[in-house]
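The values are calculated or read from the model by the stated rules, or taken from the named source; none is laboratory data. Bear in mind that the values here come from a model prediction, so they are computed numbers and not experimental data. Cβ coordinates were reconstructed from backbone atoms using ideal geometry, including for glycine residues, and neighbour counts include every protein chain displayed.
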Amino acid sequence: MTAQKKRLLTGLKPTGGSLHIGNYFGALKPFLDMYGEYDSILFLADLHALTTVRSGEELRANSFAIVRDYLAAGFDPSKALLFKQSDVPEHAELAWILECLVTVPFLMQAHAYKDRTAKGEEANAGLFNYPMLMAADIILYDTDIVPVGEDQRQHVEYAREAASKFNNAYGATFKEPQGKILKEVAVVPGTDGRKMSKSYGNTIPLFGTKDEIAKAVMSIVTDSLPVLPVTHKNETFPAKNVYAIHKLFRSEDELEKIYEENRGKYKNLKEILIEDIDAFIAPMREKRALITDDVVREVLAHGSEKAREIASAKMKEVRQKIGLEL
Ligand code: AMP
């Protein structure tokens with residue numbers, strides 16, 4: 001028998017915006033390359049989205065969109081669990097129980113709350129309490145591993161602390177999860193050479209049409225000054241912004257030849273890049289167009305049923321231990 005796979009859990013927040021190729025190479029692809037090695041659980045964090053989203057229509061649209069994005073990019077729901085958080089009321093129930101175990105000053109240390117109040121803005125109570133909802137999301141499933149960026153390490157620490165508080169008060173019940181700090185992924189540059197980011201308006205959309213891709217690529221900033229020596233290995237190479245994006249889609253050996261043959265012909269290089277990006281994106285774009293709302297509903301309903309089985313068994317034990325079960 002093979003050793004049991006470790007359980008990995010991660011959430012998708014349906015807070016809107018379409019994905020760009022920086023999201024794909026920086027977050028989506030590393031996840032898709034890894035999740036099969038674990039007993040993976042992925043959930044649509046719709047309850048978390050309520051701390052910011054104020055429109056039912058918007059939340060619904062964001063939820064369909066993000067699930068569709070993952071499915072189109074290659075996530076296979078037969079290889080992992082994918083469910084909707086709000087379909088499993090045990091998350092909110094456990095969050096309340098954990099909130100009763102931790103103090104206000106402890107929650108005041110959370111980055112999201114501190115950042116909000118530091119700007120002089122009011123935080124809603126949901127935002128203040130969200131670390132305990134997140135802790136519940138994680139520990140309900142005896143999660144071993146939570147993949148996080150360096151800046152999200154705190155989330156896992158809150159979950160560990162909540163599990164430990166509960167275990168100390170009521171006896172060993174929850175596993176204390178480990179954060180898996182994701183390897184630094186190279187920053188994907190945008191059309192102006194800065195980090196690709198919605199806020200800079202320098203993105204190439206992940207599920208864009210060929211025209212949208214072409215528009216973005218044609219806007220890539222090239223330097224018209226004849227900087228010598230003209231080689232893409234040189235930092236001052238005039239088409240370096242084109243090359244930096246091209247590198248994601250072709251090997252450097254192939255690019256070497258193409259860039260040598262098209263020295264100074266930026267338009268040619270951009271046209272080749274458009275074809276290369278489109279060849280990569282077209283299958284995902286076509287797949288995405290076929291994923292109807294009903295397909296998304298079906299995938300989530302199936303996952304939620306399985307998630308509830310796990311979560312309700314765990315909560316039965318919790319209710320028994322804390323005295324809710326009579
Ligand atoms: P954001 O919506 O900007 O917070 O991005 C979501 C995730 O996508 C981030 O946590 C990063 O892992 C990844 N990401 C976004 N932009 C880039 C980029 N330009 N290069 C690499 N990864 C990125």
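Some notes on this structure:
- Some residue of region 159-179 being assigned by TED's automatic domain parsing to the domain that holds Ala27, touching a Lys or Arg at 6+ places or on another chain (Cβ under 7 Å) and within 30 Å of Leu248 (Cα to Cα): yes
- Annotation: Glu325 fulfils all but one of (1) within 30 Å of Asp137 (Cα to Cα); (2) part of a helix (DSSP H, G or I); (3) among the charged types (D, E, K, R); (4) without any contact (Cβ under 8 Å) to a residue 12 or more places away in the chain; the unmet one is (2).
- Residue, nearest to the ligand (Cβ to nearest atom), within region 163-199, restricted to residues that are at pLDDT 95 or above and part of a helix (DSSP H, G or I): Ala163
- Picking from residues in region 37-56 that are within 25 Å of Ser86 (Cα to Cα) and part of a helix (DSSP H, G or I), the one that is farthest from the ligand (Cβ to nearest atom) is Gly56.
- Failed criterion for Glu256 (all others in (1) surrounded by 17 or more Cβ atoms within 10 Å (Cβ to Cβ); (2) not assigned by TED's automatic domain parsing to the domain that holds Gly74 hold): (1)
- Residues that are more than 8 Å from the ligand (Cβ to nearest atom) and either more than 18 Å from Glu212 (Cβ to Cβ) or acidic (Asp, Glu) (or both) within region 17-29 comprise just one, Lys29.
- Index of the failed condition, Asp151 passing every other in (1) buried (at least 16 other Cβ atoms within 10 Å of the Cβ); (2) out of contact with any Phe, Trp or Tyr (no Cβ under 6 Å at 6 or more places or on another chain); (3) under 21 Å from Phe31 (Cα atoms): (1)
- Of the residues making up region 134-152, those that are at pLDDT 95 or above, part of a helix (DSSP H, G or I) and out of contact with any Ser or Thr (no Cβ under 9 Å at 6 or more places or on another chain) are Met134, Ala135, Ala136, Ile138.
- One residue from His20, His48 being over 19 Å from Phe75 (Cα atoms), more than 11 Å from the chain's Cα centre (by Cα) and in contact (Cβ under 8 Å) with a residue 24 or more places away in the chain: His48
- Test: residue in region 184-200 that is buried (at least 17 other Cβ atoms within 10 Å of the Cβ), hydroxyl-bearing (Ser, Thr, Tyr) and in contact with a strand residue (DSSP E or B) (Cβ under 7 Å, 6 or more places away or on another chain): no
- Yes/no for Tyr130 being of a type in the set (Ser, Thr, Tyr) and either part of a helix (DSSP H, G or I) or within 15 Å of the ligand (Cβ to nearest atom) (or both): yes
- For region 233-291, the helices (runs of 4 or more DSSP H) that sit wholly inside it and include 2 or more residues that are in contact (Cβ under 8 Å) with a residue 40 or more places away in the chain are 240-246, 266-290.
- The set of residues in region 279-296 that are of a type in the set (D, E, K, R) and surrounded by 14 or more Cβ atoms within 10 Å (Cβ to Cβ) comprises Arg285, Lys287, Arg288.
- Yes/no for Gly56 being under 13 Å from the mean Cα position of the chain (by Cα) and small (Gly, Ala, Ser): no
- Complete set of residues in region 96-127 that are under 22 Å from the mean Cα position of the chain (by Cα), of a type outside the set (Ser, Thr, Tyr) and surrounded by 15 or more Cβ atoms within 10 Å (Cβ to Cβ): Ala110, Ala112, Arg116, Leu127
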